[in-house]
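Presented below is the structure to which this report refers.
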Amino acid sequence: MDYSDLLHDRFVLGLSVTAKAAERLLGIRSRLATDAAKSIATVSLSGMLFVCGCAGGTPSESPTAPVAPASMTGTWNVVLTDTGSNQPTYTFGLNIAQGGNALTAQDAIYTGTIVYGNSCFNYPSDTGVGSFAGSSLSMTVTDPSTKADIQISGTLNAAATQVQGTFTFPQIIEGTRLMVLCGGDSGTATLTRQ
């Protein structure tokens with residue numbers, strides 16, 4: 001039995017019950033009482049069809065649940081590769097927390113296979129601040145002990161598992177000797193959720 005048969009049976013049953021109630025209420029058995037009962041039953045059936053949305057004999061599909069906005073909250077492996085290089089320049093881990101569009105980060109254990117470029121960063125003390133809107137990330141990662149800042153920007157993929165973008169790491173110069181200690185790098189940035 002499909003929905004249309006079920007609704008028809010309920011309509012006929014409702015019509016019969018409503019007609020009998022109208023006859024008792026009016027105390028007469030007349031065409032007027034029967035017509036009033038049919039009108040009441042028709043209005044009731046129309047309301048039922050509107051509420052259940054199954055007028056075609058098939059149930060309507062339930063709407064798709066809204067998609068929650070992507071979040072950067074979690075632990076990420078960060079791989080920064082200088083333009084023209086065939087191996088990463090810097091690798092480290094970040095534990096990112098998101099509150100609204102604001103991001104904060106603390107260092108985390110990098111779980112990739114090879115660690116690169118740890119001479120300019122004291123990884124256990126790295127912190128980060130930034131923003132995340134839609135799928136766009138912008139963050140500055142800082143090593144407070146060396147004052148080194150790396151700016152990272154990129155786009156989070158639809159699966160919320162990877163950010164692809166760019167990085168810049170301005171030069172760190174020792175003031176008295178004007179010697180470049182490290183930095184001066186830029187290239188691609190990839191953040192992968194651990």
Notebook entry, point to check: From the residues Gly84, Val141, Ala160, which one has its Cα farthest along the dipole of segment 74-193 in the positive direction, the dipole being from +1 and -1 charges on Cβ of Lys/Arg and Asp/Glu about the Cα centre?
Noted result: Ala160
Item checked: For Asp107, net neighbour charge (Lys/Arg +1, Asp/Glu -1) across residues whose Cβ lies under 15 Å away -> -3
Note to self: Full-extension gain between Ser131 and Thr75, please, as 0.36 nm times their residue separation minus the C-alpha to C-alpha distance.
What the structure shows: 18.5 nm
Next item on the list: Could you list which residues have their amide H under 5 Å from that of Gly184, counting only those 5 or more apart in sequence or on another chain, with H placed in the peptide plane?
Entry: Phe169, Gln171, Ile172
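Tally Lys/Arg at +1 and Asp/Glu at -1 over every other residue whose Cβ is under 15 Å from the Cβ of Ser125; what's the total?
On the way: positive: Lys147; negative: Asp107, Asp126, Asp143, Asp149.
The answer is -3.
Readers should treat all values here as calculations from the given coordinates under stated rules, not as data from a laboratory. All values reported here derive from a predicted model rather than from experimental measurement. Virtual Cβ from ideal backbone geometry, glycine too; neighbours counted across all protein chains shown.
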